[in-house]
Amino acid sequence: MEDAYHADDIEKKWQRRWAEQNVFSAENDRDRKAYIVEMLPYPSGRIHMGHVRNYSIGDAIARFTRMRGQNVLHPMGWDAFGMPAENAAIAHHRHPRDWTLQNIAQMRAQMQRLGFGYDWEREFATCDPEYYRHEQEMFLRMLEAGLAYRKNALANWCESCQTVLANEQVEDGLCWRCSSPVSQRELAQWFLRTTHYAQELLDGLDELAGRWPDKVLNAQRNWIGRSIGAEVKFKLQNPVDGITEVAVFTTRADTLYGVTFLSLAAEHPLALRLAQGTETAERVAAYVHKLQHEHKAQRSVDDTHKEGIFTGRYAVHPLSGDLIPIWIANFVLMDYGTGAVMAVPAHDQRDLDFARTYDLPIRQVIAPPAHARSDEAYTGPGIMINSAGFDGTPSETGKTRITELLEMRELGRSTVSYRLRDWLISRQRYWGTPIPVIHCDRDGVVPVPLGDLPVTLPLDVTITQQGGSPLALHPSFVQVQCPKCQQPARRETDTFDTFVESSWYLHRYTTPHYADGPVDPIIAKAWLPVDLYIGGDEHAVMHLMYARFWHRVMIDLGYLPASTPREFAKRLLTQGMVCHEVYFSNDTDVHRAKTYHYPSETELRDGVRVLKDDGRPVEVGPVIKMSKSKNNLIDPDELVAKYGADTARLFVLFAAPPEGQVDWNDAGVEGMHRFLKRIWRYVYTNHDNLMHSRSQEETTPAAAALRRIIHQTIMRVTHDIAERLQLNTAVAAQMEMLNALLAFKPQTDADWAVAQEGIDVLLRLLAPFAPHVAEELHAVLGGKNLIATRQWPVADEAALQQDHVEVPIQINGKVRARIRVAIGATENEVRAAALKEPRVAEHLHDKQILKALYVPGRILTLVVREAR
């Protein structure tokens, strides 16, 4: 054994050994299954520290679970489709496929160098036709079942990316990928009926409570957005294009008599039609066009200025018969209810602001309490007033009674509304799964026959920055025969949203080579649901919602047995971000405010952060998420080259709880490296004594105390990983145990036997966190098999038993000594022992004990004063 710890040599050696022995291969035919997986990465080219943290968490838990005798499935794959590959192809004049495969090879090598224990035999990329052919089949089954459909609809359009976006992919009015403004454009689009599962998706969140983070569950509840209320029909004074009424959804039927106008969303089908033939037609058309080019997220903000335009048309109040003007308002969206709102200014603040702007009537129909502000809308409950025969009715009762009256007159009905909308899956891009349908002038939309799947992407395309999909310009792809009539037809040129691929990859991992369907249903059911799923909470209302939906569809379409649990993952862990200070120089170039510097380009000199090359001082900015735009990145390869993979893994696991933010700290990295070197040095220094076989009989009190620490540590680490998922405290417990080992000075064979037990346990506890050094030291100490395949240590109850306990002696509020007494000792016995302790006697000299209080086994408190 060498005296110095050389991480690079030992890490590569054990990585080869693990691969040769297929240590991490899961077995489909074994029981005691555990499925642990991290969200698959997009192959951007290089892994970053966020990846290192995510995968280190998953690998530590997977290794721990395997050592506890479980048959662990811990796979890895690649979310390989998407716009960045096309953008890179344009920028670097390379095919997206070549760019993607090169990046996969690079990132796989980085992951393997970090020693992550994946079952690489199950690896796949979602851009592989053997993967997406099954996705195309499932889509066709959804189409047949009515869960997929096509319609003309206004869609979120990103001009920069030249594609549509789902609602969930628009953040504050900007594209989630490129941060460009998003507008509305009407296109023929493909949708999946996520709304068909709205209530089930909502109910399922209760099942996940306590096992998924509350913030994720709350985000999904808000996105589904269930509201109980009434649909109310307002008949048009004059029908338009055969349409005779406007339907609104309201949760406040009790305020129906307070309606003084209707507000429509600009996207409402009647928005333009109502103004046809009126003097306001041109102004309404211009205003609708303006709103449709503002993103709805901006329009829905409460402090947005409320504005609108009168359509020139009226509706008839369903109960009073009054004529109600119909307006188009900037704060009304199609995403909620029917896209039409009954405006009650007295009892809705937005309606009140709007009514004051345009001098519209305000009619109070719920009596406010005496202390209510007169300048604000009263939105609370109360007694109904100015409501015909309902005056004096409590508002909650009034909701039911008015709804019943509407139903009796066939002017409305009680209903439930959801904010959730169907999933728009069409994308006008090349690098994605082709949607497997054909458009025929005679037969309409015709599914591609299952025997013709997969519909593969042609590789000989020209990708430009022009609008639309490059597939539309590829004649041999587009021009096909209709499968029904054999006449010339046109293949669909839109591709799937890449969230489709990531909605079912977890299922495919269970049987990645199965050819007869997306999964082997029997084997897949044996693995599902996922026991632990790990990834960022930024996916709370996109990937995780879609995956829950797709999982249910696979069950309902028969791809999985009907008895399969309806939730795809039992437990979800959302890890926090990895952050670093920002370093920058104020730039003299007027076109740039700052120049950002990588941490590796700077150093501390006399307490000042400067550039290494010329010593110029740099400004130190806030600690924020590591990003390319701010250059505050730490390169994992450089970190591994300097310290080794084990140090990198330990730091990201120890620096914070898994769900917390990691603030990068060079001193913390050095501390983890020192911890590993201290373990190495302990084994090197005591190697010969640790190798001999010895008996633990007749242990000394010090050895018994060390054994107690060893087995307490086993309990702590096991509980921290299995129950709490708190890997940072599990590492801290191991560091404390090492300190106890280093402080222990063996004198007898029995003492050395306890030391042997201690280092053996410590290496097994360390193996999930720093697996390479654990393997090496285990082998150095004579281990015959891999430590990765050894059994996880189990605490010895006998070792945990104590016959003595340490009791602090507190005098006038300060602990002056600690004594060891027998468990069960009486107060008099403890007091007598304390008085014999020199440090206690010193503080009691010339003192009178006024009061003594003993908490058995915990503390003896003495209150004293100067003797008179």
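So if I check each of 284, 248, which one is more than 34 Å from the chain's Cα centre (by Cα) and either in a loop (DSSP other than H, G, I, E, B) or under 21 Å from residue 227 (Cα atoms) (or both)? Steps first, answer last, please.
Numbers: 284 fails: either in a loop (DSSP other than H, G, I, E, B) or under 21 Å from residue 227 (Cα atoms) (or both).
Within the list 284, 248, the selection yields 248.
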**Prompt:** So residue 457 clears everything in (1) modelled with pLDDT of 95 or more; (2) surrounded by fewer than 21 Cβ atoms within 10 Å (Cβ to Cβ); (3) part of a loop (DSSP other than H, G, I, E, B); (4) of a type in the set (A, V, I, L, M) except one condition, right? Which one?
**Reply:** (2)
**Message:** Criterion first (at pLDDT 95 or above, at negative phi, open to solvent by 10 Å² or more (accessible area, probe 1.4 Å) and not acidic (Asp, Glu)) does residue 802 satisfy it?
**Reply:** no
**Message:** Restricting to region 189-235, name every residue that is within 18 Å of the chain's Cα centre (by Cα), touching a residue at least 12 places away in the same chain (Cβ under 8 Å) and not in a helix (DSSP H, G or I).
**Reply:** 211, 212, 213
**Asked** Out of region 600-626, which residues are of a type outside the set (Lys, Arg), exposed (fewer than 15 other Cβ atoms within 10 Å of the Cβ) and assigned to a loop (DSSP other than H, G, I, E, B)?
**Response** 606, 607, 613, 614, 615
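Pick out, from region 1-97, the helices (runs of 4 or more DSSP H) lying fully within it that include 2 or more residues that are among the acidic types (Asp, Glu) and modelled with pLDDT of 95 or more.
The qualifying helices (runs of 4 or more DSSP H) are 7-20.
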**Request:** Kindly provide the set of residues from region 577-599 that are outside any loop (DSSP other than H, G, I, E, B), touching a helix residue (DSSP H, G or I) at 6+ places or on another chain (Cβ under 8 Å) and closer than 23 Å to residue 538 by Cβ, ordered by number.
**Result:** 578, 580, 581
**Request:** Look through 645, 667, 641, 656 and report the one residue that is at negative phi and touching a Gly at 6+ places or on another chain (Cβ under 6 Å).
**Result:** 645
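Just need a number here: residues in region 269-282 that are in contact with a strand residue (DSSP E or B) (Cβ under 6 Å, 6 or more places away or on another chain) and open to solvent by less than 30 Å² (accessible area, probe 1.4 Å). Write out each step before concluding.
Step one: list which residues in region 269-282 are in contact with a strand residue (DSSP E or B) (Cβ under 6 Å, 6 or more places away or on another chain), which gives 271, 273-275, 278, 280.
Filter once more, keeping what is open to solvent by less than 30 Å² (accessible area, probe 1.4 Å): 271, 274-275, 280.
Result for region 269-282: 4.
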**Request:** Would you mind stating whether residue 372 is without any contact (Cβ under 8 Å) to a residue 40 or more places away in the chain, farther than 30 Å from residue 179 by Cβ and open to solvent by 40 Å² or more (accessible area, probe 1.4 Å)?
**Result:** no
**Asked** Looking only at residues in region 420-440 that are open to solvent by less than 10 Å² (accessible area, probe 1.4 Å), part of a strand (DSSP E or B) and under 30 Å from residue 227 (Cα atoms), which one is modelled with the lowest pLDDT?
**Response** 426
**Prompt:** Considering only region 596-633, how many residues are over 22 Å from residue 49 (Cβ atoms) and among the charged types (D, E, K, R)?
**Reply:** 6
**Fill in**
Being closer than 30 Å to residue 532 by Cβ and in contact with a strand residue (DSSP E or B) (Cβ under 9 Å, 6 or more places away or on another chain) narrows 725, 676, 762, 777 down to just 725
**Item:** Which listed residue is within 18 Å of residue 67 (Cα to Cα) and open to solvent by 30 Å² or more (accessible area, probe 1.4 Å), from 691, 715
**Value:** 715
**Complete:** Taking region 163-180 and the residues there that are polar (S, T, N, Q) and open to solvent by less than 20 Å² (accessible area, probe 1.4 Å), the one that is modelled with the lowest pLDDT would be 169
**Asked** Wholly within region 760-868, which helices (runs of 4 or more DSSP H) include no fewer than the required count, namely at least 3 residues that are over 42 Å from the mean Cα position of the chain (by Cα) and over 21 Å from residue 718 (Cβ atoms)?
**Response** 827-836, 838-844
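Scan the strands (runs of 3 or more DSSP E) fully inside region 473-576 and keep the ones with 2 or more residues being surrounded by 17 or more Cβ atoms within 10 Å (Cβ to Cβ) and under 19 Å from the mean Cα position of the chain (by Cα). I'd like the intermediate steps shown before the answer.
On the way: elements: 479-481, 488-491, 532-535, 572-574.
Output list reads 532-535, 572-574.
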**Message:** For the condition under 24 Å from residue 457 (Cα atoms), within 27 Å of the chain's Cα centre (by Cα) and assigned to a helix (DSSP H, G or I), what is the one hit in 101, 140?
**Reply:** 101
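The values are calculated or read from the model by the stated rules, or taken from the named source; none is laboratory data. Nothing here was measured: the structure is a model prediction, and the numbers come from that model. When we count neighbours, we look across all protein chains shown, and the Cβ atoms used for this are built from the backbone with ideal geometry, even at glycine. When the accessible area is computed, the model is the full protein with side chains, heavy atoms only, and any ligands, DNA or RNA have been set aside. Shrake-Rupley method; radii C 1.70, N 1.55, O 1.52, S 1.80 Å.
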